[in-house]
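Just so you know, all these numbers are worked out from the coordinates, no wet-lab data involved. Just so it is clear, the structure is predicted and the values come from calculations on it, not from any experiment. We place every Cβ from the backbone using ideal geometry, glycine too, and count neighbours over all the protein chains shown.
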Amino acid sequence: MRLKNKIALITAAASGMGRAGALLFAKEGAKVVAVDIDSGGAEAVAQEVTGAGGEAIAVAADLTKDAEAKRIVHAAVDGFGGLDVVWNHVGHPGPGRIEGVDMADYELAMDLNIRSVMVTTAEALPALRARGGGSVLFTASIAGLAGSPFSPIYSAAKYGVVGLMQSMACRYAPENIRMNAVCPAPIDTPMLNVFLQRPDTQTNREENRARMMQAIPLGRVGRPEEVAAAALFLCSEEASFITGVALPVDGGYVAK
């Protein structure tokens with residue numbers, strides 16, 4: 001088991017990649033803290049883990065609020081006695097437009113994609129130190145490695161996530177706290193439809209999907225489980241000499 005006796009906090013764990021990660025991390029021996037604004041969804045994931053013989057607790061939280069982004073760390077420590085792994089998976093697609101942008105949408109995207117993960121990570125550092133180090137993972141995006149014409153604000157936010165991660169990787173490496181990111185291409189999750197159905201694009205959903213498929217050398221969208229597998233590797237001791245990496249999980253998209 002690659003995460004035996006580890007305590008892992010995963011945000012946005014009620015569905016998609018976060019859910020897949022919670023189930024896989026638990027299968028690999030971790031005690032999982034499943035965080036989501038959807039309390040019922042988080043509880044369902046925790047029950048699925050415990051039903052399979054693992055250990056998990058659900059924590060409902062609105063991570064746009066700094067106090068909530070901090071509270072989840074203490075919920076993990078109080079619930080399981082420590083913290084070894086943090087997967088900052090929470091994110092928001094944000095508005096598709098720049099001209100006429102709704103600044104409230106912009107602020108929400110920045111709050112969830114950057115501010116919340118910074119606050120959670122900062123709060124988690126003492127708990128990670130107390131265990132002799134640990135692993136912090138961020139969900140960025142291929143849009144954080146190459147500009148996205150569909151989602152320039154999302155792209156800006158995810159570039160920020162990558163920069164934040166790499167800076168902290170250098171800062172906290174002497175304390176054996178590793179920082180990495182996964183950068184998914186389009187993945188078969190509920191958020192994918194948000195990107196495909198942008199109301200301000202000049203093409204429809206099917207045209208957008210066809211263009212997306214042409215851009216991915218493997219010719220398909222990814223599965224949540226494929227991102228979870230990459231996350232597991234980066235959070236495990238198998239990646240003990242890896243820090244500061246933004247790993248594309250993208251079917252070859254950024255190789256083109």
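Hey, what angle do you get for helix 224-235 against the long axis of the chain, alpha-carbon based, 0 to 90 degrees rounded to 10?
With both axes taken from Cα atoms, the answer is about 50 degrees.
So which residue, out of Pro126, Pro152, Pro224, gets the largest mean-square fluctuation from a GNM of the chain using Cα contacts under 10 Å as springs?
Pro126
What is the distance, in nm, between label points placed 7 Å from the Cα along the Cα-to-Cβ direction at Val254 and at Gln214?
Placing both labels 7 Å along Cα→Cβ, they lie 2.4 nm apart.
Taking the Cβ of each residue in Phe138, Phe80 as the centre, tally the other Cβ atoms inside 10 Å and list the residues starting with the fewest.
Phe80, Phe138
Consider a paramagnetic label point 7 Å from the Cα of His74 along Cα→Cβ; state which residues of the stretch 109-140 have an amide N under 13 Å from it.
123-124, by backbone N distance to the label point.
Using a Gaussian network model on the chain with a 10 Å cutoff between Cα atoms, which of Ala130, Ala13, Ala169 fluctuates the most?
Ala130
Averaging sequence separations of C-alpha pairs under 8 Å and six or more residues apart, then dividing by the length of the stretch 1-124, give the relative contact order as a whole percent.
Dividing the mean separation by the residue count of the stretch 1-124 yields 25 percent.
To the nearest 10 degrees, how steep is helix 152-172 against the longest Cα principal axis of the chain, on a 0 to 90 scale?
Long axis of 152-172 versus the principal axis of the chain: about 30 degrees.
Tilt of helix 66-80 relative to the longest C-alpha principal axis of the chain, in degrees (0 to 90, nearest 10)?
40 degrees
Where does each of Lys158, Lys256 land when they are ranked from fewest to most other beta-carbon atoms within 10 angstrom?
Lys256, Lys158
Based on the alpha-carbon gyration tensor of the stretch 1-111 and its eigenvalue square roots a ≥ b ≥ c, which shape applies: rounded if a/c is under 1.5, prolate if not and a/b is larger than b/c, or oblate?
prolate
What's the exposure ranking of Tyr172, Tyr106, going from fewest to most Cβ atoms within 10 Å?
Tyr106, Tyr172
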